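To start, the structure itself, in C-alpha cells.
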Amino acid sequence: MNELRIAVCIKQVSDPEGPDSAFAIDPAAKLVTPVGIPPVINPFDERALEAALQLKERFGARVTALNIVDEKLAMPVLRKALAAGADELIILKDEAFVSLDSPSAAYVLACAIRRIGGCSLILVGRQAADWGFGQVGPILAEVLGITSIGVAQRLAVEDGTVLVERLKRTGYEVLKSPFPVLVAMDADVELRLPSLKEIRGANTKPVTTWGASDLGIDPARLFTRNVWRLSKPPSRKRQCFMANGETVQEKGERLALKLRSDRVI
C-alpha cells in the first residue's frame, strides 16, 4: 500500500477542565475570556491526532496537522501536535479567518487540503469544546466531495480502505469506506504523552503559515459567527450542613432527614 497522507484538523480552545472562576463573561463584547489558564488542543481533536499517529506507526503514514488561528496564536499548544508525532504543522492565519462560522472554516480547511495535494484520510474531532457545533467536519467532507463518517471509536486500514468502528445503542457497527474519506473521532482514544526528547524535536519539524492569498480564498465565501446574546452564568449559593451526632448511626439518620427535607431523596 502506498504511504497514507493523513490530515488532522486541530483547534486551540480554552481548557474545558478549568474551573468556573477561570472564565470571565463579557456580555457587551459577547465573549468568554479565560483568566489565568492557558489554552489547549481541543480534546476531541487530540483523539483524532492519536488515531492518526497509531495509523502512522502501523502503515507509515505522513501526518499533517492543520489549524485555523481564531484569536491569539499559542505556538506551544500547537507544537504539542508535533511533539506527539505529527510530521508537519500548517497554520492558517489571516485577519479574514477570525470568528468564522462553520461553513467558512470548512471552506478554508478545504482550500488548505487541496493546496497540499489532497489526503487519503482526514481526521477531525467530533466537536469543539468551546462552541460545540460539530459541523465543520461534515461540511468539510461535503466541500471536498468525499465520504464522511462520524462518532468513530477506532480506525483500521485494510486493502486500500478504512474500517471505522462506532458505538450504537445495542453494541457497535463497523463501516468500510474507500479513500478519500473524512472521519470524526469520538472521545475513546487518549493522546500519548511525548517524551522530553520528542518535545525538543518538535522545534525542528516544519511549521508553515498560510494566509487567505496563499490559499486563493474567495472573500465572498467567508462569514463570521453572529452571536446575538451571551448571558451571564447563574449565581451559585453554597451551604454546608454538618450531620453531628454521638454515633455513626445518629449522624447517618440526621443526614438522611436533611436530604429528605431538601427533597434530595
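When segment 83-114 is filtered for residues that are in contact with a strand residue (DSSP E or B) (Cβ under 7 Å, 6 or more places away or on another chain) and part of a helix (DSSP H, G or I), the ones remaining, listed by number, are F97, A105, V108, L109, A112, I113.
Screening V8 against (1) buried (at least 20 other Cβ atoms within 10 Å of the Cβ); (2) more than 16 Å from I122 (Cα to Cα) leaves a single unmet condition, (2). Of all the residues in segment 44-79, those that are part of a helix (DSSP H, G or I), in contact with a strand residue (DSSP E or B) (Cβ under 6 Å, 6 or more places away or on another chain) and among the charged types (D, E, K, R) number 3. The residues listed here are P76, P39; of these, the one that is in contact with a Ser or Thr (Cβ under 8 Å, 6 or more places away or on another chain) and either closer than 23 Å to L193 by Cα or surrounded by fewer than 14 Cβ atoms within 10 Å (Cβ to Cβ) (or both) is P39.
Cβ-Cβ contacts under 6 Å between residues 6 or more apart (or on different chains), taken from a first residue in segment 173-191 that is farther than 21 Å from A81 by Cβ and touching a residue at least 12 places away in the same chain (Cβ under 8 Å) to a second residue that is surrounded by fewer than 20 Cβ atoms within 10 Å (Cβ to Cβ) and not β-branched (V, I, T), are listed as K176/L163.
So which residues in segment 106-118 are buried (at least 18 other Cβ atoms within 10 Å of the Cβ) and touching a Phe, Trp or Tyr at 6+ places or on another chain (Cβ under 8 Å)? Lay out the reasoning, then the answer.
Within segment 106-118, the first condition is being buried (at least 18 other Cβ atoms within 10 Å of the Cβ), and the residues that meet it are 106-113.
Listed by number, the residues that qualify are V108, A112.
Among the residues of segment 167-178, is there at least one that is closer than 17 Å to R5 by Cα and of a type in the set (A, V, I, L, M)? No, segment 167-178 contains no residue that is closer than 17 Å to R5 by Cα and of a type in the set (A, V, I, L, M).
Kindly evaluate A51 against the criterion of being within 23 Å of S195 (Cβ to Cβ) and not aromatic (F, W, Y). Before you say what the answer is, go through the steps one by one.
Working: within 23 Å of S195 (Cβ to Cβ): yes; not aromatic (F, W, Y): yes.
It is true that A51 is within 23 Å of S195 (Cβ to Cβ) and not aromatic (F, W, Y).
The single condition among (1) free of Cβ contacts under 8 Å to residues at least 24 places away in the same chain; (2) over 29 Å from A29 (Cβ atoms); (3) out of contact with any helix residue (DSSP H, G or I) (no Cβ under 8 Å at 6 or more places or on another chain) that T208 does not meet is (1). The listed residues are R115, R154, R126, and the only one of them that is more than 23 Å from A74 (Cβ to Cβ), touching a residue at least 40 places away in the same chain (Cβ under 8 Å) and touching an Asp or Glu at 6+ places or on another chain (Cβ under 6 Å) turns out to be R154.
Values in this text are rule-based calculations from the coordinates and carry no lab data. Keep in mind that what you see is a predicted model, and the values were worked out from it rather than measured. Here Cβ is always computed from backbone atoms with ideal geometry, including for glycine, and neighbour counts include all displayed protein chains.
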